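Right, one structure below, let's go through it.
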Ligand SMILES: Cc1ncc(COP(=O)(O)O)c(C=O)c1O
């Protein structure tokens with residue numbers, strides 16, 4: 001009997017969550033079920049998903065910013081088919097593969113001046129890990145600075161620069177010499193830089209956890225200070241790069257010229273894990289400093305043909321469909337629509353973002369009866385209100401969103417860059433209805449609060 005993926009999926013589909021409860025991550029499976037995200041999706045295309053009953057869901061998560069082109073883009077899909085059917089000589093290792101060279105060339109074209117050397121890996125964390133190693137090798141300094149609330153991954157080398165207490169807890173001791181500075185605090189930054197032992201200052205130009213945007217002067221001045229004290233500036237563009245903010249790199253909004261840039265997520269076209277660390281030749285060569293050291297940093301699948309093909313096709317589509325410009329204009333419309341809601345619903349404290357990364361922050365209501373419900377929810381679990389909104393959007397409007405981090409009342413939107421007026425209208429109208437219901441204690445939004453509180457308290 002021949003093996004068929006399609007048949008396997010059809011036969012075992014109903015067991016999806018059971019398998020995960022048994023063999024993978026039962027806690028995660030339970031959370032999906034509690035918040036009503038335990039759907040049996042059958043198909044994904046563009047900005048939408050469909051479940052087994054044919055219900056359509058608008059995906060404003062995009063796999064955490066993997067699907068900038070939308071799901072199943074035909075050009076990337078074809079590139080995947082081609083890479084297989086051409087029987088490309090993949091992963092020879094003892095060679096210099098063409099597609100890796102071509103993707104490096106395309107990335108360099110899109111970088112700020114002077115960034116002309118590329119290292120490929122498989123994940124965002126690996127790209128960051130590479131950046132940290134490059135910075136240490138190039139500066140011969142031990143320490144690294146990062147920002148409060150930062151997220152650069154959860155591996156042992158990226159946890160010391162992770163601003164989330166919950167991510168770090170239980171994994172100590174972490175590597176030493178990694179210190180946080182508050183965003184927008186140039187004095188604190190300079191105080192650290194002045195010590196002269198900082199290899200790199202790593203930033204997300206817009207922070208993913210909370211969608212925090214630095215004040216306008218902060219990043220350019222931070223870059224100037226880094227130069228002054230011989231510290232390298234690393235821009236982690238794993239989430240906000242690849243056009244998401246309306247520029248290829250988010251760093252372009254402030255005219256930054258970082259020493260190292262990391263990319264991943266959307267570079268994959270949503271198909272094959274891939275990441276890139278792009279830097280100056282001199283910095284790169286400080287790691288690969290002799291013939292003997294030509295492989296002191298490497299990863300087996302780093303330049304695999306499928307990943308390189310996906311990256312090349314993705315960059316082509318970003319340009320051809322002018323998706324970066326589109327992200328800027330659609331993002332503006334979406335923010336405008338959501339901003340208008342802010343004026344109508346006191347619980348919306350802020351709507352912020354650039355292009356198609358948008359954060360919606362909530363605050364306690366003024367009215368006494370709502371305040372009691374809010375306090376009960378927040379006492380059980382900080383940020384629980386935003387989870388209620390995420391649940392309402394999903395269960396009542398079939399829209400996928402996410403809470404933007406631990407302990408925050410912020411929702412993050414990361415839609416595919418291909419969305420248009422129809423999706424903007426759907427999202428704004430759904431938010432409008434959810435917020436209107438949230439003003440009513442008897443509405444569906446608060447009705448879910450008791451269950452969630454029970455779950456949060458371990459019931
Ligand atoms: C800014 C940033 N850096 C690094 C990472 C880690 O990427 P990965 O999960 O692919 O290791 C992420 C993941 O969300 C990220 O947002």
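Read-outs throughout are calculated quantities, based only on the coordinates presented, and are distinct from any laboratory measurement. Computed from a predicted model, the values in this text were never measured in an experiment. Cβ placement follows ideal geometry from the backbone for every residue including glycine, while neighbour counts extend to all protein chains displayed.
Here residue 1 and residue 285 are evaluated by their C-beta separation; at R0 = 45 Å the FRET efficiency comes out at 0.25. So what does the Cα-only Debye profile of region 14-82 read at q = 0.14, 0.24, 0.27 Å⁻¹, as log10 I(q)/I(0), no solvent term? Computed log10 I(q)/I(0) values: -0.55, -1.09, -1.14. Residue exposure proxy: 368, 306, ordered by other Cβ atoms within 10 angstrom of their Cβ from fewest to most, comes out as 368, 306. Counting only the Cα atoms, region 306-383 fills a convex hull of 110 Å³ per residue. Taking the Cα centre of each part, how many Å lie between region 231-251 and region 134-186? Between the Cα centres of region 231-251 and region 134-186 lies a distance of 18 Å. Over region 96-187, the Kirkwood radius and the radius of gyration, each from Cα atoms, give a ratio Rg/Rh of 1.03.
Compactness of region 297-350, taken as the C-alpha radius of gyration over 2.2 N^0.38 Å, stands at 1.93. Calculate log10 I(q)/I(0) of region 198-302 for q = 0.09, 0.10, 0.18 Å⁻¹, where I(q) comes from the Debye formula with a single equal point scatterer on each Cα and nothing for solvent. Here log10 of I(q) over I(0) equals -0.27, -0.33, -0.96. The simple spin-label model puts a point 7 Å past each Cα toward its Cβ; for residue 364 and residue 451 those points are separated by 2.7 nm.
Just to be sure I understand the curve: with the Debye formula and one point per C-alpha of region 338-416, what is log10 I(q)/I(0) at q = 0.22, 0.24, 0.26, 0.27 Å⁻¹? Scattering profile of region 338-416, log10 relative to I(0): -1.11, -1.27, -1.39, -1.42. For the Cα atoms of the chain, what angle does the longest principal axis make with the long axis of helix 323-344, in degrees from 0 to 90, nearest 10? On a 0 to 90 degree scale, this one is about 30.
Could you state the number of Å between the C-alpha centres of region 54-79 and region 352-373? Their Cα centres are 28 Å away from one another. For the chain, the fraction of alpha-carbon pairs lying more than 36 Å apart is 31 percent, rounded to a whole number.
Ordering of 140-152, 272-284 by packing is 272-284, 140-152, highest average first (other Cβ atoms within 10 Å, averaged per residue).
Computed from Cα positions, the angle between helix 421-438 and the longest principal axis of the chain comes to roughly 50 degrees. Compared with the dominant principal axis of the Cα atoms in the chain, helix 368-380 is inclined by about 50°.
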